[in-house]
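Written out below as structure tokens is the structure these notes cover.
Only the coordinates and a few stated rules stand behind these numbers; no lab work does. Since the model is a prediction, treat every value here as computed from it, not as a measurement. Glycine gets a Cβ as well: all are built from the backbone with ideal geometry, and neighbour counts include every protein chain shown.
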Amino acid sequence: MNERDPDAPAKEAAQLARELRMKEIIDDAARRLRGVCAHMSEAEFQGLMREIAAIAVKYEAQANLLAARRPSPPTT
């Protein structure tokens with residue numbers, strides 16, 4: 001019997017959000033960098049865009065985790 005992971009919907013949603021954010025970053029970086037990377041083949045350029053996006057998403061996630069751990073400032 002193969003029981004479904006109870007966290008699967010959350011994991012799938014997180015993966016979809018990550019993929020959408022990757023696409024946003026790739027589209028933005030490609031628009032801004034295509035001219036200066038004109039010497040690169042399309043495959044090299046797309047690989048670079050994926051690498052840039054993966055790094056950006058990684059550090060955005062880390063920043064979000066740190067922000068979530070910080071206590072809220074007291075309200076006056």
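Annotations for the structure displayed:
- Net charge of neighbours whose Cβ lies under 14 Å from the Cβ of Leu16, counting Lys and Arg as +1 and Asp and Glu as -1: +1
- Placing +1 on the Cβ of every Lys and Arg and -1 on the Cβ of every Asp and Glu, with no other charges, gives the chain a dipole of roughly 320 debye about its Cα centre.
- A full extension of the chain between Asn64 and Arg21 corresponds to an added length of 14.1 nm, given 0.36 nm per residue minus the alpha carbon distance.
- Among the listed values (i) 72; (ii) 63; (iii) 68, the one computed from these coordinates for percent of Cα pairs over 14 Å apart is (i).
- Under 15 Å, Cβ to Cβ, from Ala38 - net charge with Lys/Arg +1 and Asp/Glu -1: +1
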